[in-house]
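These notes are about the structure you will find just below.
The values are calculated or read from the model by the stated rules, or taken from the named source; none is laboratory data. Please read all numbers here as calculations on a predicted model, not as lab measurements. All Cβ positions, glycine included, derive from the backbone under ideal geometry; neighbour counts span all protein chains shown. The area values use the complete protein model at the heavy-atom level, side chains included, leaving out ligands, DNA and RNA. Shrake-Rupley method; radii C 1.70, N 1.55, O 1.52, S 1.80 Å.
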Amino acid sequence: SILFSFLSFSGPWGRCMGNECGPGGSQSRAVWCAHTEGWTTLHSNCLKTEKQPDNQQSCFRVCDWHKELYDWQLGEWNQCQAVALRNSGNYKSLECIKGEEGIQTREVSCVQKANGTPAEDVICEYFEPKPRLEQACLIPCPQDCVVSEFSSWSPCSKTCGVGLQHRFRSVLAPPLFGGSSCPNLTEFQPCQFSACESEESMYSLKVGPWSTCAMPHSRQARQAGKRRKNKGREKAVKDPETRELIKKKRNRNRQNRQESKFWDLQIGYQTRQVTCIHKNGKSTALNLCTQDKLPVSFQSCVLTKDCEVTEWSEWGPCSKDCYDMTSPKGWRTRTQTVKQFPVGGGAECPELEDREPCAPQGDGIPPCASYSWRATEWSECRVDSLLSQQDRRRGNQTGLCGGGVQSREVYCVQSNEDLLSYLNTLKEKEASKPVDTRLCTGLIPNTTQLCHIPCPVECEVSAWTAWGPCTYENCEDQAGKKGFKLRKRRIINEPTGGAGSCPHLTEAIPCDDPTCYDWQLAKLEDCIPDNEKVCGPGTQTPEVKCVNSDGEDVDRQLCRDAIYPIPIVCEVPCPKDCVLSAWSKWSSCSHTCSGKTTEGKQTRVRSILAYSGEGVVQCPNSSALQEVRNCNEHPCTVYHWQTGSWGQCIEDSSVSTLNSTTSWSGAASCAVGMQTRKVICVRVNVGQVPPKKCPESLRPETVRPCLLPCKKDCIVTPYSDWTLCPLSCQEGPSPIKKQSRHRVIIQLPANGGQDCPDVLYEERECEALPVCLGYRWKTHKWRRCQLVPWYVRQESPGAHETCGPGLQTRAISCRRQDGGQADIGDCLKYAGSMPPITQTCQLPCQDDCQLTSWSKFSPCSADCVGVRTRKRTLVGKSKKREKCKNSQLYPLSETQYCPCDKYNAQPVGNWSDCILPEGKVEVILGMKVQGDIRECGQGYRYQAMVCYDQNNRLVETARCNSHGYIEEACIIPCPSDCKLSEWSNWSRCSKSCGSGVKVRSKWLREKPYNGGRPCPKLDHVNQVYEVVPCMSDCSQYIWVAEAWSVWKVSNVDLKENCGVGVQTRKVRCMQNTIDGPSDPVEDYLCDPEEMPLGARESKLPCPEDCVLSDWGPWNRCPLPCNGNHTRERSAYSIREPGEGRACPSSTETEPCNLNKNCYHYTYNVTDWSTCQLSEKAVCGSGIKTRMLDCVRSDGKSVDLKYCEELGLENNLQMNMSCVVECPVNCQLSDWSAWSECSQTCGLIGKMWRKRSVIQPSQGDGRPCPSQMEQWKPCPVKPCYRWQYSQWSECKVEDAQCGEGVRFRNVSCFVFDGSKEDKGSLVDDDLCGDLEPTVVGDTQMTLEEICTLPCPGDCYLTEWTSWSPCQSVCVNGEKLDYDAIQVRSRAIIAQEQENQQQCPEQMWESRPCNDGDCYEYKWMTGAWRSSSRSVWCQRSDGLNVTGGCPLTTRPVSDRSCDPPCNKPQSYCTEAGVCGCEEGYTEVMTSDGMLDQCTLIPVLEIPTVGDKKADVKTSRAINPTQPSTTQSGRGGRAWFLQPFGPDGKLKTWVYGVAAGAFVLLIFVVSMIYLACKKPKKPQRRQNNRLKPLTLAYDGDADM
């Protein structure tokens, strides 16, 4: 026991190690000895009881390249096995609802890929985990066999006596997954008519099936027997004539045999058995079947030969001979030819052509041609196509700019052919030749795009400066005394065309005594009295600076020749002197120049500030207070240089040619040229004058260099290849085909480049094609009729004659239409089905009548007139036989009325779309402009016409003299765009100072319709606005105050001439110009807050009083305005006071208050304007602007200088580019060609054509129409087809039963192409052009063998048609099982006693695709007495047997137990006895019905019952017999308060509750009505007003 407590243990095998890949590796593992309690010990302890496990073994070392050699091999999943059965082995299933969970397994093993040899799993596991071996599955519930309902009962099997009739049903779904098997498909019941008058026949003649076709015994075999009999009697035929006859006969026989190598026709014979059958099904002696003529038991036949074909030919070349990544595979084919065609029902020939995918083999395979789209250059940008219908610019399209549309043409080229680079070289430019556009499969490049024509920017110039001083034309050269006064203006906005398009910028006036430099008075020093006195006369020293003619400070040395200003005499008033104010500034000059009638004047004034005292010089009179001087003394002759526009750039050969550069506009340039322009001197308002009148130094240049743009030659692609001519021959005469080629202009010429060729499209006629070598079957003469060999038919009656039915054959061969020999395969392809090569024939016997075939019918002279006949004649000896002359049995002529064809035409189908007449639009370089192609106007719509004959059969429309259509004019309304008015004028700027807005508007004149351009967004009054900011210069209108008037002293001190007085002055609003205020304007244009005072009251100083000047301006308040600061203004002393008198304060201060005298200033920016375009633009790039405003803290806009002086930060952008979306109309492609008709024949065929959107609409462009397809009906053509008739009944000649033949015909039918039309029978000639097929089957079967059962036989019906395809489903979801369909055969018996001999009924199933899920549920009918019908119904509404679970079958019988036998009782739905209407149930103590008692009746009177009293009701005596049937009376109804179980019914409780509520309501109403109301309090002194009611005829009053 101690020894057995030690055990050996081993660990897992380690990794396979080794130097080489494959089976030479080794792996090891740990092995140890341990006690059962878990501690390890020495190996020797374990070796006593067991052998030590191996710790090393050889293994397969796996390397990465083994992945190509080994892989997992997955077996098929086996059948799903139930989990419960797998676990326990057997189990009892409960009711199945959804199916049962199961497990299915499969084999997975590692194998060598090459030969499938098994390998170790570890090899495959090295690369990929082992796939799973089992998976869950679902076993559906057992599905019982489902059968249809029974058919109706068949007629009785016998017309007299006792027979059988049957009905049968078919299998709809087979039993699956252990479901119950199918029930009997047939039910029988006996049927009996009257007894048979004669004795029923017990025997029937039955023919068996024909034996296989056998060859007659050879002549040698037949003659061998004769030789044995005639041995010794041999007689050689030595007669040469006899020998020659025999030889000819043999040759003739050889020619009669079929000589074709494709048909080995051998005529043999076949026989059948004729037996006599008893009605119990057993065979009896033939003589018991009494019949005059026995059936034929032999016939000629063709020996069966299967089709034989040759071996496959070698594989042909691969259809792909180049390398292509997208579709690398091509196809190759091989063929086999027919050696022996099948005859006598032999096996058909297999496919004669086989094909398989292939790839080109070998080295150096060229790549396949690939194709890509190329495009021409874009056409010129065109704006006119964007103009709306009402745009006035349509009339004059010059200078249009902004957004436009350009187009190009797209063509397909071979993209990988060697191309010379083009468009980058000045050499001959090459381009790929266009190919068929169908070869390019990628996305077609855009053919239109938006573009932009820059709008010219007009030149903007500033206002003129003031006239400058008279200066030399050139200060460097001061020759002569002639000079010029100049005034200038500058360019504010550069034009796009260069400075040449700006007006002149300098004007000159000739003048005398010019100077280049002069002294300019800066200011005057204070008046300093002479002789250092305090007051009195003195001088003012001027402070001057040296300036040039432009007013700029220069070195004082330059003014050394100029007259230096002398000091000015002045006076400082003494205390008693008159005090005058300083002179005002000179007014602006009254005229800008001086002439004969005009002279420029300037004035200045001063006023008396204080009168003088006694003994002193008096103040001057008023005339001395004003001074006038001349100004602008230059004559009114203004000259300037006027330039013409620059001429064309002409190549300058003196300048070396530049390399290709880029010009100012960005276009490539190739040479330097020269441009010239005309420059003339012009006198304003006069015209051209000699150039000496204008300053020569300012003369503009007349010549400038320019860059010549490069010449652009026209670039045209090479011609495309000629389109293919038809390669095959033509069927009959046809018009001569043409082939064409074209080329594409990909660059138009420019700048004098080479012009494009005139011809871009060439056409030529194809060579006349040979007429197709048609093929036809040539039939040879029928061979002689071959009968069954005599030794076979020698036993039959009449065998001594060589006559009766036989078979004859003929040869056929293939011929070309010209009669030449052709291969048989050509006729099989092109000549239709093969003519028959055998036919039955009849060798007439001596007593037979022989007639020729019927002739054709004679022609009719006209439709519906007369008759037509056909004839045949007797042949040979038949002419003399009396029985053959019997015209009843053998008529020799047939007559029929001529066909009477009447036709009527009628329209069919809907009207087509309205279709415009097609017109071609010439398009060069893809420049198709919107509106080129007519999209509206008058078109036509079509309705198909159909023609019927008098039998309502469809015929060709030509029979009704119709071309197939009714045509009707129709109108496609033209689109009308939204129509707006022109823009109104801009309104005035909303502000006179600072930034405001100005507005203009358009209003709606007409809304769009029929897909016209939509309107822009309108406001509520149908207007659209454009708002732009505007800026009014705050200093354009200023107040101008004149000098103060003389004092009007009110309190006069005549002695002193001083006192309190008033001064007035004129204040006017004037327009400010660069030369100063010019014209007076309305006062409202100036700021009323800024208006100077027009009057002032003040004290006029007396002599010796101090005289101060006017107050100077207030100094500016320091910012910010916070109330702590003050501002001040000051005056200065003009006259010092006398002794003892002092001057008043010369300064005045006031606190700084915000928005009173102290203001903060901020920049304010307006909103952006709408996007502004050039007047010549419709859309595209524009500019939106905004204005900068300086706003005072009280909200008032002021001049920008206030903000600028404060140095406020301003880095705002005032202009910004913007884009107005272009109104691009939708552009469509041309209509495609009309498609083929959707139906080859019939009434409903349509032809379609399509178009596509080339350019979708953008912005407010015209939207795309919804109609992208158009259809019109095809001309109606009758549809013809071959159609089988019904099979005839099975016929057995000269016998009652056995194997017979049934026949059917194939006839030509016409139908209208719809599924509903079953077709009408017509002449077979109308189907003459059709392939002889029925429903696609070329092997038309017109007769087939059938079996006619003998009386008493039990047999199977024909197979039913296949049932609908049904899937295996759970809860409406398909499971992974094959869908199946099934068909069945039922048993039919004719004799009751023979039913035991019947065969088994049969059904068979087959897999199918797209099965449906069906569900089955029980259906019930209404109860009738104590039973109802219950049946099973499939989810498609079909009633079936099987499919519904029996466990859930509803009850179909509810009989009461014990039965309800009491009077007026019946069995209720609950299965208990109840009483009829009008009776109540009386129950026994054990709950059983005891009796039914009549209920007392409450009689309710009805309308018209005069005797009734509503308040009383009487009970009818229950014991009196009632005259009316209970519960049925017309004037009384009955209340049954008790139910069948003796309890009160529910409605009784409801009535009681309702009555209780009604009672409470009545009591409440009575209480409220009887309650005494409170008297209202009367108010004192209220007079009662009379109440007047006006009756207006309303019934409610």
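If I filter region 740-756 down to residues being of a type in the set (S, T, N, Q) and open to solvent by 30 Å² or more (accessible area, probe 1.4 Å), which single residue comes out as farthest from Val413 (Cα to Cα)?
Per the criteria, the residue is Asn751.
Among the numbered criteria (1) open to solvent by 50 Å² or more (accessible area, probe 1.4 Å); (2) more than 23 Å from Gln1063 (Cβ to Cβ); (3) free of Cβ contacts under 8 Å to residues at least 40 places away in the same chain; (4) not in a loop (DSSP other than H, G, I, E, B), which one does Glu1148 miss?
Here Glu1148 clears every test but (2).
Quick check: is even one residue across region 1205-1216 more than 30 Å from Arg393 (Cβ to Cβ) and at pLDDT 85 or above? Quick ask: steps written out before the conclusion?
Step one: of region 1205-1216, the residues more than 30 Å from Arg393 (Cβ to Cβ) are 1205-1213.
Pick out the ones that are also at pLDDT 85 or above and you get 1213.
Yes: region 1205-1216 contains one or more residues that are more than 30 Å from Arg393 (Cβ to Cβ) and at pLDDT 85 or above.
Out of (1) within 26 Å of Pro1265 (Cα to Cα); (2) modelled with pLDDT of 80 or more; (3) acidic (Asp, Glu), the odd one out for Glu894 is which?
(1)
If I go through region 957-1003 residue by residue, how many of them are of a type in the set (A, V, I, L, M, F, W, C), out of contact with any Phe, Trp or Tyr (no Cβ under 8 Å at 6 or more places or on another chain), in a strand (DSSP E or B) and farther than 22 Å from Asn1225 by Cβ?
Going through region 957-1003 one residue at a time, the tally reaches 2.
So, Ser1363, is that one part of a loop (DSSP other than H, G, I, E, B), polar (S, T, N, Q) and crowded, with 17+ Cβ neighbours inside 10 Å or not?
Criteria met by Ser1363.
In region 264-314, what count of residues is obtained for those that are part of a loop (DSSP other than H, G, I, E, B), under 30 Å from Glu1393 (Cβ atoms) and not charged (D, E, K, R)?
9
Listed here are the residues, each with its yes/no results for (1) part of a loop (DSSP other than H, G, I, E, B); (2) charged (D, E, K, R).
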position: Gly316; (1), (2): yes, no
position: Pro328; (1), (2): yes, no
position: Thr333; (1), (2): no, no
position: Lys339; (1), (2): no, yes
position: Ala347; (1), (2): yes, no
position: Arg355; (1), (2): no, yes
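Regarding Lys1099, is this residue in contact with a Cys (Cβ under 7 Å, 6 or more places away or on another chain) and in a strand (DSSP E or B)? Don't jump to the end; show me each part of the working.
On the way: in contact with a Cys (Cβ under 7 Å, 6 or more places away or on another chain): no; in a strand (DSSP E or B): yes.
No: the conditions fail for Lys1099.
Out of region 539-572, which residues are in a strand (DSSP E or B), out of contact with any Pro (no Cβ under 6 Å at 6 or more places or on another chain), of a type in the set (Val, Ile, Thr) and open to solvent by less than 50 Å² (accessible area, probe 1.4 Å)?
Val547
Just to be sure, is Cys884 of a type in the set (A, V, I, L, M, F, W, C) and modelled with pLDDT of 80 or more?
yes
Among residues belonging to region 157-190 that are in a strand (DSSP E or B) and open to solvent by less than 40 Å² (accessible area, probe 1.4 Å), point out the one that is farthest from Val146 (Cα to Cα).
Pass one, region 157-190, residues in a strand (DSSP E or B): 162-168, 171-173, 176, 186-190.
Okay, now just the ones that are also open to solvent by less than 40 Å² (accessible area, probe 1.4 Å), so 163-166, 171-173, 186.
Working: Gly163: 30, Leu164: 26, Gln165: 24, His166: 20, Val171: 6, Leu172: 5, Ala173: 5, Thr186: 14 Å.
The selected residue is Gly163.
If I filter region 99-123 down to residues being at pLDDT 90 or above and not in a strand (DSSP E or B), which single residue comes out as least open to solvent (accessible area, probe 1.4 Å)?
Only one residue tops the list, namely Arg106.
Hand me the list of strands (runs of 3 or more DSSP E) wholly inside region 623-728 holding 1 or more residues that are at pLDDT below 90, under 23 Å from Leu748 (Cα atoms) and open to solvent by 50 Å² or more (accessible area, probe 1.4 Å).
Counting at least 1 such residues, we get 668-676, 703-709.
Determine whether Met1402 is open to solvent by less than 60 Å² (accessible area, probe 1.4 Å), of a type outside the set (S, T, N, Q) and within 30 Å of Gln189 (Cα to Cα).
no
Of the residues that sit in region 440-476 and are open to solvent by 50 Å² or more (accessible area, probe 1.4 Å) and among the polar types (S, T, N, Q), which one is farthest from the chain's Cα centre (by Cα)?
Per the stated criteria, the residue is Asn474.
List the strands (runs of 3 or more DSSP E) inside region 1273-1351, counting only whole elements, that have at least 1 residues being within 47 Å of the chain's Cα centre (by Cα).
Fully inside region 1273-1351 and qualifying: 1279-1284, 1306-1311, 1320-1322.
Every residue in region 1006-1038 that is over 36 Å from the mean Cα position of the chain (by Cα) and open to solvent by 40 Å² or more (accessible area, probe 1.4 Å), please.
His1020, Val1021, Gln1023, Tyr1025, Val1027, Met1031, Asp1033, Ser1035, Gln1036, Tyr1037, Ile1038 - these are the residues of region 1006-1038 that are over 36 Å from the mean Cα position of the chain (by Cα) and open to solvent by 40 Å² or more (accessible area, probe 1.4 Å).
I'd like to check something: does region 894-905 contain any residue that is of a type outside the set (S, T, N, Q) and part of a helix (DSSP H, G or I)?
No, every residue in region 894-905 fails to be of a type outside the set (S, T, N, Q) and part of a helix (DSSP H, G or I).
A quick yes/no check of all residues on (1) acidic (Asp, Glu); (2) open to solvent by 90 Å² or more (accessible area, probe 1.4 Å); (3) in contact with a Gly (Cβ under 6 Å, 6 or more places away or on another chain):
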| residue | (1), (2), (3) |
| --- | --- |
| Glu767 | yes, yes, no |
| Glu795 | yes, yes, no |
| Gln808 | no, no, no |
| Gln821 | no, yes, no |
| Asp826 | yes, no, no |
| Ala862 | no, no, no |
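Go through region 605-620 and report how many residues are under 15 Å from Cys1106 (Cβ atoms), in a strand (DSSP E or B) and open to solvent by 20 Å² or more (accessible area, probe 1.4 Å).
Result for region 605-620: 1.
What are the residues in region 1366-1395 that are open to solvent by 40 Å² or more (accessible area, probe 1.4 Å) and in contact with a Lys or Arg (Cβ under 7 Å, 6 or more places away or on another chain), if any?
Asn1371, the sole residue that qualifies.
Report the residue count in region 1407-1418 for those that are exposed (fewer than 13 other Cβ atoms within 10 Å of the Cβ) and under 30 Å from Thr1468 (Cα atoms). So that I can check it myself, show each step before the final result.
Step one: filter region 1407-1418 for residues exposed (fewer than 13 other Cβ atoms within 10 Å of the Cβ), giving 1407, 1409-1410, 1417.
From what's left, under 30 Å from Thr1468 (Cα atoms): 1417.
Selection size over region 1407-1418: 1.
Read through the list (1) surrounded by fewer than 16 Cβ atoms within 10 Å (Cβ to Cβ); (2) modelled with pLDDT of 85 or more, then give the number of the only condition that Gln361 fails.
Failing condition for Gln361: (2).
Could you check region 1-37 and list, in sequence order, the residues that are farther than 30 Å from Phe60 by Cβ, open to solvent by 60 Å² or more (accessible area, probe 1.4 Å) and either of a type in the set (Phe, Trp, Tyr) or in a loop (DSSP other than H, G, I, E, B) (or both)?
Ser1, Ile2, Phe4, Thr36, Glu37
Which condition number in (1) open to solvent by less than 60 Å² (accessible area, probe 1.4 Å); (2) in a loop (DSSP other than H, G, I, E, B); (3) at pLDDT below 90 is the one that Ile1254 fails?
(2)
Kindly provide the set of residues from region 1072-1082 that are open to solvent by 70 Å² or more (accessible area, probe 1.4 Å), touching a strand residue (DSSP E or B) at 6+ places or on another chain (Cβ under 7 Å) and modelled with pLDDT under 85, ordered by number.
Once the filter is applied, which keeps residues that are open to solvent by 70 Å² or more (accessible area, probe 1.4 Å), touching a strand residue (DSSP E or B) at 6+ places or on another chain (Cβ under 7 Å) and modelled with pLDDT under 85, region 1072-1082 yields only Asp1079.
Looking only at region 1444-1473, which residues are exposed (fewer than 13 other Cβ atoms within 10 Å of the Cβ), assigned to a loop (DSSP other than H, G, I, E, B) and β-branched (Val, Ile, Thr)?
The one that is exposed (fewer than 13 other Cβ atoms within 10 Å of the Cβ), assigned to a loop (DSSP other than H, G, I, E, B) and β-branched (Val, Ile, Thr): Val1451.
Hey, could you check region 1012-1032 for residues that are polar (S, T, N, Q) and at pLDDT 85 or above and say which is farthest from Ser1197 (Cα to Cα)?
Per the criteria, the residue is Asn1022.
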